[in-house]
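The values are calculated or read from the model by the stated rules, or taken from the named source; none is laboratory data. Keep in mind the model is a prediction, meaning the values are calculated, not measured. Using ideal geometry, Cβ is built from the backbone for each residue, glycine included, and neighbour counts are taken over all protein chains shown. We work out accessible area using only protein heavy atoms, side chains counted, and drop any ligands, DNA or RNA first. Shrake-Rupley method; radii C 1.70, N 1.55, O 1.52, S 1.80 Å.
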Amino acid sequence: MSDKKSILIINQSAPYGSNKARESLDVALTCAIFEMPVSLLFIGDGVLQLLNGQQPEALQTKKHEAMLTALPMYDIDCLYVTSSDLKQHGLQSEDLAVPVKIVEQKQIASLIQQHDTVLTY
Amino acid sequence: MKFSLVVHSSPISQQSAATAFRFAKTALEAGHEIFRVFYYGDGVLVANSQIAPPQDEINLPEMWQALAKQYDIDLVVCIAAAVKRGVLDDNEAKRYEKDAANLAAGFELSGLGQLAEAIALSDRVITFGA
């Protein structure tokens, strides 16, 4: 696997309604272990994955936010979210648990273009 | 072109599982190559040999098996997703002390590294059932 393809993972699912968010993270970490550059884009309800102060204990499930804070250890530093999705959910960057780059919706196309492979969860 | 597919959808309840199959078949018939199909999430249920759909419904496990045999495709099932849904090969059945293995012939249990490899070695990776 000498080929280091860059990967954009588009996250469109809320953190706890399904296991999509968790599956996405597992794929991101695996690809990072294989030294593939991984970027994450959060759209729609996916922005809720980034929220500060998640309390999933009552659901007997792991805290998604805690796993996101581990991303820099895997060299995953490029997290993108669109300003319109934040606004739609009534959020500001201070409400998020990890540093993100805020982009305009029209920039999504160029983000997709900049990566070799796109996966969606 | 060399494609790999990622299938997230259940073969029983979601249309996109059948769409993935039709995409693979059409691509192969058009002369393209399918390097690997990676089943993830509920998509792993396709490898349960105990699935018995009614006779007037399609049987996706059998359809994939036949296609893989004809074109020599790698059908890889995510082991973590499979084991927690009760899709086990002999090794996993023994490891978790279950009564029987039920992984259908032609499918292989393996890790997410196989998805990373498919991404590295394919021209296009297409996701079904995101």
Which one of these does A:LEU96 not meet: (1) open to solvent by less than 50 Å² (accessible area, probe 1.4 Å); (2) under 23 Å from B:GLY129 (Cα atoms); (3) away from every other protein chain (no Cβ under 14 Å); (4) at pLDDT 95 or above? (2)
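Every residue, every condition in (1) farther than 19 Å from A:LYS101 by Cβ; (2) at pLDDT below 95, yes or no:
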site	(1), (2)
A:VAL38	no, no
A:PRO56	yes, yes
A:GLN60	yes, yes
A:LYS63	yes, yes
A:TYR80	no, no
A:SER83	no, no
A:GLY90	yes, no
Residue match in segment A:74-81 (condition: within 14 Å of another protein chain (Cβ to nearest Cβ), more than 23 Å from A:ASN52 (Cβ to Cβ), touching a residue at least 40 places away in the same chain (Cβ under 8 Å) and open to solvent by 40 Å² or more (accessible area, probe 1.4 Å)): no
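Look at A:VAL47 and say whether it is more than 14 Å from chain B (Cβ to nearest Cβ) and closer than 25 Å to A:ILE102 by Cβ. Talk me through it step by step, then tell me what you get.
Numbers: more than 14 Å from chain B (Cβ to nearest Cβ): yes; closer than 25 Å to A:ILE102 by Cβ: yes.
It is true that A:VAL47 is more than 14 Å from chain B (Cβ to nearest Cβ) and closer than 25 Å to A:ILE102 by Cβ.
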Give all pairs with beta carbons closer than 6 Å in which a residue from segment A:3-31 that is facing chain B (nearest Cβ under 10 Å) meets a residue that is part of a helix (DSSP H, G or I) and open to solvent by 10 Å² or more (accessible area, probe 1.4 Å); count only pairs at least 6 apart in sequence or on separate chains. A:GLN12/A:GLY44; A:SER13/A:LYS20; A:LEU29/A:TYR74
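Please indicate, with yes or no, whether at least one residue in segment A:34-43 is touching a helix residue (DSSP H, G or I) at 6+ places or on another chain (Cβ under 9 Å), hydroxyl-bearing (Ser, Thr, Tyr), open to solvent by 50 Å² or more (accessible area, probe 1.4 Å) and more than 13 Å from chain B (Cβ to nearest Cβ). Before the answer, list the steps.
Applying the first criterion (touching a helix residue (DSSP H, G or I) at 6+ places or on another chain (Cβ under 9 Å)) to segment A:34-43 yields A:34, A:36-43.
Among the residues that remain, those that are also hydroxyl-bearing (Ser, Thr, Tyr) are: A:39.
Among the residues that remain, those that are also open to solvent by 50 Å² or more (accessible area, probe 1.4 Å) are: none.
No, every residue in segment A:34-43 fails to be touching a helix residue (DSSP H, G or I) at 6+ places or on another chain (Cβ under 9 Å), hydroxyl-bearing (Ser, Thr, Tyr), open to solvent by 50 Å² or more (accessible area, probe 1.4 Å) and more than 13 Å from chain B (Cβ to nearest Cβ).
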Considering residues that are without any contact (Cβ under 8 Å) to a residue 40 or more places away in the chain and either under 17 Å from A:SER84 (Cβ atoms) or within 13 Å of chain B (Cβ to nearest Cβ) (or both), the number found within segment A:50-69 is 0
